Amino acid sequence: MNETSLYCANHPTVETALRCKKCEKLICVKCAVRTPTGYQCKECIRGQQKIFETSKPYDYITGFITAAVLSGIGSFVFSLIGFIGYFGFFIAFAAAPTIGVIIAEAVRMVTGRRRSPTLYKVILAGIIIGAIPMVLFSLLDIFGLIFQGIYLFLAVPTAYYRISGIRITK
């Protein structure tokens with residue numbers, strides 16, 4: 001029996017029998033990326049991810065401004081909820097995710113539902129920066145500061161999951 005050894009395309013000294021399912025290139029365990037349908041090389045994965053990044057340069061500006069303005073309004077509304085008292089906590093835990101969804105849907109509409117991981121981060125920065133004026137105003141009132149913390153803690157991840165398309169349940 002005469003078997004020829006196969007070597008990784010990126011690491012010529014590493015023997016392997018694994019191939020990329022897309023381009024058929026020989027890859028070792030270090031170069032392989034496990035996908036639900038088999039292993040792929042990092043180059044094919046990178047090329048596939050670029051297909052899904054559809055954002056345009058102006059999306060970053062419009063997404064940031066929309067997120068910041070709506071977050072400022074949401075943060076102001078939260079400062080009013082803080083005056084209700086302890087019952088306001090119940091309202092806050094329901095209202096913060098709702099405001100996060102409203103912000104995310106408005107941003108998705110403004111950006112034409114285009115997507116990019118960098119765009120999502122810019123939008124999150126807009127949400128946080130939009131809330132800063134009310135957070136600073138609330139520094140004098142511990143109760144108001146707690147409500148602003150609840151707002152940011154619940155609205156930011158909700159908006160992120162909504163704009164990025166991540167599904168928590170199937």
task = Search the structure for amide H atoms under 5 Å from the amide H of Val14, placed 1.01 Å from N in the peptide plane, and list their residues when 5 or more places away or on another chain.
result = Cys8
query = Treating the beta-carbon of each Lys and Arg as +1 and of each Asp and Glu as -1, no other charges, what is the dipole magnitude of the chain about its Cα centre, to the nearest 20 debye?
reply = 620 debye
inquiry  = If I model a spin label as a point 7 Å beyond the Cα along the Cα-Cβ vector, how far apart are those points for Ile129 and Val69 in nm?
reply    = 1.5 nm
message = Compute the distance from the alpha-carbon center of region 26-47 to that of region 79-146, in whole Å.
response = 39 Å
key: Relative contact order (percent, whole number), region 53-164, Cα cutoff 8 Å, 6+ residue spacing   = 45 percent
key: Average Cα contact separation per residue, region 1-50, under 8 Å, 6 or more apart, as relative contact order %   = 25 percent
query = What is the total of Lys pairs in region 1-50 with C-alpha atoms under 16 Å apart, excluding same-chain pairs fewer than 8 positions apart?
reply = 7
message = Once you order the gyration tensor axes a ≥ b ≥ c over the Cα atoms, which shape class does the chain get: rounded for a/c under 1.5, otherwise prolate or oblate by comparing a/b with b/c?
response = prolate
message = Using only the alpha-carbon atoms, how far is helix 117-137 inclined from the longest principal axis of the chain? Give it as 0 to 90 degrees, nearest 10.
response = 20 degrees
inquiry  = Let's test the formula: R0 of 45 Å, r as the Cβ-Cβ distance of Ile45 and Tyr86. What FRET efficiency results, to the nearest 0.05?
reply    = 0.35
request  = May I ask you to derive the FRET efficiency for Cys23 and Ile61 from their Cβ-Cβ distance with R0 = 35 Å, giving the value to the nearest 0.05?
outcome  = 0.40
task = Just flag the trypsin sites (Lys or Arg not before Pro) in region 27-81 sitting in loop per DSSP whose Cβ has no more than 14 other Cβ atoms within 10 Å.
result = Lys30
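Laboratory data are not the source of any read-out in this text; all were calculated from the coordinates shown. Values in this document were obtained by computation on a predicted structure and should not be read as measured data. Heads up, the Cβs are rebuilt from the backbone with ideal geometry, glycines too, and the neighbour counts pull from every protein chain shown.
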